[in-house]
Amino acid sequence: MRETEESEGFPCTSCGLCCRQIGRIEQLASFDRGDGICIHLKDHRCSIYENRPDICRVDVMYHKVYHQYFSKEEFYLENSRICEELQRQHEKSKEE
């Protein structure tokens, strides 16, 4: 797998950090193993990737919901910003 993978158009690094932050996402409550981490995250990969819910698909969610609020570029930028922040926080927590 490439370091940066195109996930339906969104440049995903496949770090799995978004899958470790699902505790506050109502649509993913049944996937939360109790600590905010998705029960389907195995070895930093989604074990149901091909059948994952729409909320886990950036492009699908853009077309279903967010296209009325953002351009695709803006939506990607915001998702990238959030992703970078998750990575920054993760790195910081490893240093502590």
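The values are calculated or read from the model by the stated rules, or taken from the named source; none is laboratory data. These numbers were taken from a predicted model, which means no experiment stands behind them. All Cβ positions, even for glycine, are placed from backbone atoms using ideal geometry, and neighbour counts span all protein chains on display.
The test for being in a loop (DSSP other than H, G, I, E, B) and surrounded by 14 or more Cβ atoms within 10 Å (Cβ to Cβ) holds for Ile22. Restricting region 1-38 to residues that are at pLDDT 90 or above and of a type in the set (Lys, Arg) leaves a set whose member that is nearest to Met61 (Cα to Cα) is Arg24.
If we scan region 77-84, do we find a residue that is surrounded by fewer than 16 Cβ atoms within 10 Å (Cβ to Cβ) and in contact with a Gly (Cβ under 9 Å, 6 or more places away or on another chain)? Within region 77-84 (the criterion being surrounded by fewer than 16 Cβ atoms within 10 Å (Cβ to Cβ) and in contact with a Gly (Cβ under 9 Å, 6 or more places away or on another chain)), the answer is no, since none of the residues qualifies. Within region 58-82, being part of a helix (DSSP H, G or I), of a type outside the set (A, V, I, L, M, F, W, C) and either out of contact with any helix residue (DSSP H, G or I) (no Cβ under 6 Å at 6 or more places or on another chain) or over 21 Å from Glu26 (Cα atoms) (or both) holds for Asp59, His63, Lys64, His67, Gln68, Lys72, Glu73, Glu74, Tyr76, Glu78, Ser80, Arg81.
Of the residues in region 59-76, not one is within 13 Å of the chain's Cα centre (by Cα), exposed (fewer than 12 other Cβ atoms within 10 Å of the Cβ), more than 16 Å from Cys38 (Cβ to Cβ) and not polar (S, T, N, Q).
Matching residues to (1) touching a His at 6+ places or on another chain (Cβ under 7 Å); (2) modelled with pLDDT under 95; (3) aromatic (Phe, Trp, Tyr):
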| residue | (1), (2), (3) |
| --- | --- |
| His40 | no, no, no |
| Ser47 | yes, no, no |
| Val58 | no, yes, no |
| Gln68 | no, no, no |
| Tyr76 | no, yes, yes |
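Any residue at all in region 44-57 that's surrounded by 16 or more Cβ atoms within 10 Å (Cβ to Cβ), touching a Ser or Thr at 6+ places or on another chain (Cβ under 7 Å) and assigned to a loop (DSSP other than H, G, I, E, B)? Looking through region 44-57, none of the residues is surrounded by 16 or more Cβ atoms within 10 Å (Cβ to Cβ), touching a Ser or Thr at 6+ places or on another chain (Cβ under 7 Å) and assigned to a loop (DSSP other than H, G, I, E, B).
Of all residues in region 25-41, which are outside any loop (DSSP other than H, G, I, E, B) and either basic (Lys, Arg) or surrounded by fewer than 13 Cβ atoms within 10 Å (Cβ to Cβ) (or both)? Within region 25-41, Glu26, Gln27, Ala29, Ser30 meet the criteria.
Pairs only if they're at least six apart or on different chains, beta carbon under 9 angstrom, first in region 25-42 and closer than 15 Å to Ile55 by Cα and among the basic types (Lys, Arg), second surrounded by 15 or more Cβ atoms within 10 Å (Cβ to Cβ) and modelled with pLDDT under 95; list them, first residue then second. Between residues of region 25-42 that are closer than 15 Å to Ile55 by Cα and among the basic types (Lys, Arg) and residues that are surrounded by 15 or more Cβ atoms within 10 Å (Cβ to Cβ) and modelled with pLDDT under 95, there is no close pair.
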